[in-house]
Amino acid sequence: MNYRYSSKTPNTDTDAVGEILKAAADPKIISFAGGLPAPELFPVKEIQTAVNQVFQAKGMTALQYGGSQGIPELRKVVAARATLDDITTNEEQILITTGSQQVLDLTAKLFLDSGDTVIVEKPTYLCAIDVFKSYGAHLVGIEMDEDGMKMDQLEAALQANPKAKLIYTIPNFQNPTGRTLSLERRRKIAQLAQQYDVLVLEDNPYGAVRFEGTPLPAIQSFDETDHVIYTSTFSKILAPGLRLGWVIAPSELISNYKRLKQSADLHSDILSQYIVAAFFENNDIAEHIAKITALYKERKDVMMQAIKKYFPKTVSYSRPEGGMFIWIEVPGIDSTQDLFDRCIQNNVAFVPGEPFYCQEIVPGTFRLNYSNMPAEQIDLGMKRLGEAIREVIQN
């Protein structure tokens, strides 16, 4: 059969996410690859209690079809959480989604035609790149420093691309770099969005897991002209297997998101929505997040110490104040894939930097995840990784 694929089907055999998950699943490999939460912190007993409560009180409702916008109980939870980012919203401006990943797809479907320009951070979340490219977008990458996307380059890109449809940013503990957009730059993005009449998609999956520094308001909190769409998820603060996220946007946009969601999957899992709402009713989520934050800080500190101990002094790295990732840049390496292959032989894994770039690739870059490995495994894995770096540089 000669399968005649659509233009949205990837025309490559490369599967970066699949390789990440494969490495993470191999018990022989110490994996710093997947962006996986620590499973020992999943509140299994509390969720089981919530499940029993839902089945006893609302079993038939929770197993029935539901509205595409999401149950009111969970949208109330989201509205309350939004206030922590200085966002004022209401239930009608919230749509529950199948993870925040679905928001990326729905947003692209809602706004992008083939050839439209999307401005992204350089580097940025690899699955966002895949989504935008699948809708035929032209991607423009903006350089970053430790304070996030550089505003002079962003404005220059907006001037060079006056019909740009979207700016995509992960302002808190960015994936893959772990960097945080400064307060001044958050204000500036909101101002530029209004000035150049371009939408901003603010993706904030990691913001609640802050272990250093001062919490910063969302970009959307500075938006006075409905140019900023905000998305987040329960995956990093509760459990990714529940597959629940949300989008906060003006009511007109929510109506259109809802129509697109109806055609995509009708609604996100109703049972999971009721379970998460019951969990929030019964438990102190701030206390639970504090446990996550404490463990991730401990593991981040171990990894940072190991970088100093085992890596060549020429290596540079980000210094995250939260989240799950550290970004590494190794001068003198022409192919990060060669380093990856050497590391797999040494039973340690990371994510090569290549999939995080939409245009020019910076060799010798890669992402490390510290949230999913115990401290002793982090130290051993980083020792192996340091040895592999030195071997590849010497060759």
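The values are calculated or read from the model by the stated rules, or taken from the named source; none is laboratory data. For clarity, every value in this text was computed on a predicted model and none was experimentally measured. With ideal geometry, Cβ positions are generated from the backbone for all residues, glycine too; neighbour counts draw on all protein chains shown. Only protein heavy atoms, including side chains, enter the accessible area calculation; ligands, DNA and RNA are left aside. Shrake-Rupley method; radii C 1.70, N 1.55, O 1.52, S 1.80 Å.
What the table below lists for this structure:
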quantity	calculated
Residues within the range 134-166 that are more than 23 Å from Ala108 (Cβ to Cβ), open to solvent by less than 60 Å² (accessible area, probe 1.4 Å), assigned to a helix (DSSP H, G or I) and of a type outside the set (Gly, Ala, Ser), tallied	2
Residues satisfying the stated conditions in the range 219-240, i.e. within 13 Å of Val78 (Cβ to Cβ), in a loop (DSSP other than H, G, I, E, B) and touching a strand residue (DSSP E or B) at 6+ places or on another chain (Cβ under 8 Å)	Phe234
Cβ-Cβ under 8 Å pairs, at least 6 apart or on other chains, the range 339-360 side part of a loop (DSSP other than H, G, I, E, B), far side open to solvent by 10 Å² or more (accessible area, probe 1.4 Å) and of a type in the set (Val, Ile, Thr)	Asn347/Ile29; Gly353/Ile361; Gly353/Val362; Cys358/Val140; Gln359/Val140
Selection from the range 289-310 of residues that are open to solvent by less than 40 Å² (accessible area, probe 1.4 Å) and in contact with a Leu (Cβ under 8 Å, 6 or more places away or on another chain)	Ile292, Leu295, Met303, Tyr310
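To keep it simple, each residue is scored yes or no on (1) at negative phi; (2) open to solvent by 40 Å² or more (accessible area, probe 1.4 Å); (3) at pLDDT 95 or above.
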site	(1), (2), (3)
Phe325	yes, no, yes
Gln345	yes, yes, no
Ile361	yes, yes, no
Pro374	yes, yes, yes
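So that you can scan it fast, the table gives a plain yes or no per residue for (1) in contact (Cβ under 8 Å) with a residue 24 or more places away in the chain; (2) acidic (Asp, Glu); (3) surrounded by 24 or more Cβ atoms within 10 Å (Cβ to Cβ):
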position: Pro217; (1), (2), (3): yes, no, no
position: Asp223; (1), (2), (3): yes, yes, no
position: Ile229; (1), (2), (3): yes, no, yes
position: Ser232; (1), (2), (3): yes, no, yes
position: Pro240; (1), (2), (3): yes, no, no
position: Ile248; (1), (2), (3): yes, no, yes
position: Leu260; (1), (2), (3): yes, no, no
position: Leu271; (1), (2), (3): yes, no, no
position: Ala286; (1), (2), (3): no, no, no
